[in-house]
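Down below is the structure, laid out as structure tokens.
The values are calculated or read from the model by the stated rules, or taken from the named source; none is laboratory data. The structure presented is a predicted model; accordingly, all values stated were derived computationally and were not measured. Positions of Cβ are generated from backbone atoms using ideal geometry, with glycine treated the same way; all protein chains shown enter the neighbour counts.
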Amino acid sequence: MGRTSINGQFAPRTIEMIRSPAFCVLSLSARRVLDRLEIELADHGGKDNGRLPVTYADFHHFGIDRHAIAPAIREVEALGFVEVTERGRAGNAEFRSPSLYRITYRHSGRYGPTDEWRRIGEQEALAIARAARQASQKQKSSGGKRQLSV
């Protein structure tokens, strides 16, 4: 019997990652965030990881409820699957910009995957996911940088 092949583009995920404590606690919205980011990476020909622009509208059109987008992004970031490399800005057309993302388990330029999700143990995965989903973004008084209150 011959090997099977996949026709068309695909997004590989290792079985080790799928079995990991961090992946097992992901919410459906967080999984959809990962799926949408993988589609964006494919649309960029597998390049530009770390500079993947995805808007809230993109996530919403992909099936994530608007109120669930921010918690899902915080969740995948806290669990080590994604890094937000540049925070976007809402506003009118000339000042608006999308956030830029890096998928940690995929190659990024000349660097290999960093796999931050591996650092999350079974005991802490659920607590990290819950805290990230419930956190609210607040402005720091100095520098205007956003931080998660966990």
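Kindly evaluate Ile73 against the criterion of being within 20 Å of Arg119 (Cβ to Cβ), among the β-branched types (Val, Ile, Thr) and in contact (Cβ under 8 Å) with a residue 60 or more places away in the chain. No.
Applying the criterion of at least 3 residues that are crowded, with 17+ Cβ neighbours inside 10 Å and modelled with pLDDT of 95 or more to the helices (runs of 4 or more DSSP H) found wholly in the stretch 26-113 leaves 28-43, 66-78. In this structure, Arg66 does not qualify as basic (Lys, Arg) and touching a residue at least 12 places away in the same chain (Cβ under 8 Å).
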